[in-house]
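The structure appears below as structure tokens.
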Amino acid sequence: MAEPWRDRARRAVEWNWRLRSAGDPRPHYVICGKDALAYYVARALLESELPAGGARVTVVVPRRYRSNGPDVAGLRGVRVIRSDRLDVSTFEAAGLSGATGLALLHQDDVGNLHAALCAQAVDQQVRQVLRMFNGTLADGVRKLIKAPVEVLSDAEMAAPAFVAAALGEVDPSSFQHRDKTLRVARRADVRPQDVVCALAHLTEAQGVELLPADQAGADLVLAEATGQPPGTEVAARRLVRARRRRRPVTVLLKAVRGFATRKIGVAVMLVLAVIAVLGALISRTEDASPLEALYLTLVTTLSGADPDTTKPAGAQIMQVVLNLAGLALIPLITAVVVDGIVNARLALHTGRVQPARAGHVVLIGLGNVGTRVMAQLREYDVEVVAIDKEPDPRGGALARQLEVPLIVGDAALPETLVAASVADCQALVVASTDDVANLEAALAARELRDDLRVVLRLFDGDFAERVEETFALGVSRSVSYLAAPAFTGALTERAVITTIPVDRHALPVAEVPVAAGSELDGRPLDVVNRDGQVRLIARTPAGGARTIWWKDLDPRQVIFAGDRLTVVARRRGLDWLTRQCAPPAHPVRIPRPGGVPGGLKTPVAASPPVPGPTDSGVAASAPGAAHPVPPAEGVSSTTNGGPPDEFELTRRHDGTGEVS
């Protein structure tokens, strides 16, 4: 006898499954990750205003983990699967079969590749977005995975922002689209005819105004690259020229000063001062010329002299003192030589830099982001000194290849910062993976120099903003916040070309196709531009015709189905444009419990409400549906938010229903 529908639903609730209606038109996304990047991608999907009214999100996290930033498992409205291994059983429990997209966001290239292959065994059609650092491995992934796959590197996306902040310039974002290369620049640095659109207006009173209505008054613009180097490259060249103009004598004195310890240096200077004074007195007593006095002084000091009782008492006393000074000078010289050799050997062994430097950039942390920042700074020929706790960090091999000194030690200790000459550096970039250690290092560096430019990496975007305002440490950046729009765009199959970081915001540049029968089909181009949300920069007519850029766009031109609109937008503006360009929704029949036919539900294509944390579909079932399958062994499932009596009805390949 078939189990009553209410009993099946009760059992599903006991297993903590969040089950939704099979007629729910919202796309389903599975996210595997535990750090801030997974959090921002999941939040963007939950808050997205897609044609179906948002998305369903399932997050797979380890059973026990520690998050440096916001916790993705704490988001309301997501289904949480806890599993320490991303294998076939985990993906089956997460409902990957039939899902719209899968995001593998762990900081483990090999682990993400293995998970992608397991996901391919579950569903070969699901779109996969992988987070990877190794470029060579990323190229291989595209060949191994049969499903649609996109491989992105958050470190590569965020590194230009750190480099620009270190050099005191705007983020050097540049990208190529169609037949043009565009870049971000200050309005004063580009010609008026090269300005594509205004990006931001920076004011002390109101902060950052993105995509302002006043195009002429914007400080930051998107411009066409015309061969003039960007501001970051110009600043780097200026820094290199200033370093080359340093006086050689000053460099030599600093090198000599760093050769021995302070105590040995003071002792040597005192002995030499005594010898100089006594040499001057001998020259007067012996009535000798300066050269003869120097000769007598050196011979008496280094080798001693024959005793002469006929000399005056004062000369005999000076001779004895010189002999004693000579006895003290020889061990001191030996100590200086030994100390210098020992310091050199220790520098080779631990990487600790002894010579003083000036005008360089100190980089703390050679992880994924730090390695990218170091490589870009060296491309600009900027001198870099790296600090890391590990003797052989991820970027250690590249640092040796680029001849970047690596100091092994705790960056929060003053002696480590002094060894890197932080007091005389151009900027300090703190890019390790520990928020607490990053903040400690930044505060310790500010103790050595009040006006030091500090670029601080923090995982939590809100925490980074508050630290920047409270401690006035300089510029704080969240790598995950900067990279999240690109991952979200790739996951939702939006053609996100690039992401432009502006202060603590991110503006995606995307190409959106216009579907037949959509809201924009047959409308003029003027309706696309929305102040503060969307700015149209190009239109590619249907049929592969030549792209029409901003200079030739006429607001009265009519949009046709098949056109592709290239825009710079904020996230909500891009959601609005995607909704306006989407095809009209078709009625969806929602089955009712007990086999009672349901009505028709037509999702509204224009301006659907954003689902709240407790919004859900209508509970549904089908006659003869199989019992819910409990999670696989080692996999647990929970839900954050939403009524407990909802469940999801998926369809088997044979057409029968199955509660999952």
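The values are calculated or read from the model by the stated rules, or taken from the named source; none is laboratory data. Predicted model, so just to flag it, every value in this text is computed and none were measured. Note: ideal-geometry Cβ built from the backbone for every residue, glycine included; neighbour counts use all protein chains shown. Accessible surface areas use protein heavy atoms only, side chains included; no ligands, DNA or RNA. Shrake-Rupley method; radii C 1.70, N 1.55, O 1.52, S 1.80 Å.
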| query | For Asp434 and Arg64 in the same chain, what is the full-extension length gain: residue separation times 0.36 nm, less their Cα-Cα distance, in nm? | reply | 131.4 nm
| said: 7 Å from Cα along Cα→Cβ at both Arg178 and Asp84: what's the point-to-point distance in nm? | reply: 5.4
| Efficiency of FRET from Cβ geometry, Ala273 and Arg394, R₀ 60 Å, rounded to 0.05 | 0.75
| query | Between Ala147 and Asp410, what is the FRET efficiency for a Förster distance of 60 Å, r being their Cβ-Cβ separation, to the nearest 0.05? | reply | 0.85
| With each label point set 7 Å from Cα along the Cα-Cβ vector, what nm distance links Leu443 and Val418? | 2.1
| Order of exposure, largest accessible area first, which applies to Lys34, Lys146 with probe 1.4 Å | Lys146, Lys34
| All other residues with a Cβ under 14 Å from the Cβ of Gly544 taken together, and with Lys, Arg as +1 and Asp, Glu as -1, what is their net charge? | +1
| field | Listed residues Met269, Met318, Met374 arranged by accessible area, highest first, probe 1.4 Å | value | Met269, Met318, Met374
| How big is D for the stretch 388-529, in µm² s⁻¹ as a whole number, if Stokes-Einstein is applied with the Kirkwood radius of its Cα pairs at 37 °C and 0.692 mPa s? | 181
| How much of Asp434 can a 1.4 Å solvent probe reach, expressed as accessible area in Å² and rounded to 10? | 60
| field | Binned Cα-Cα distance frequencies in the stretch 446-583 - 10 Å width, integer % | value | 12, 35, 25, 15, 11, 3, 0
| field | For Ile330, solvent-accessible area (1.4 Å; no DNA, RNA or ligand), Å² | value | 80
| field | Accessible area, probe 1.4 Å, largest first, for residues His177, His114 | value | His114, His177
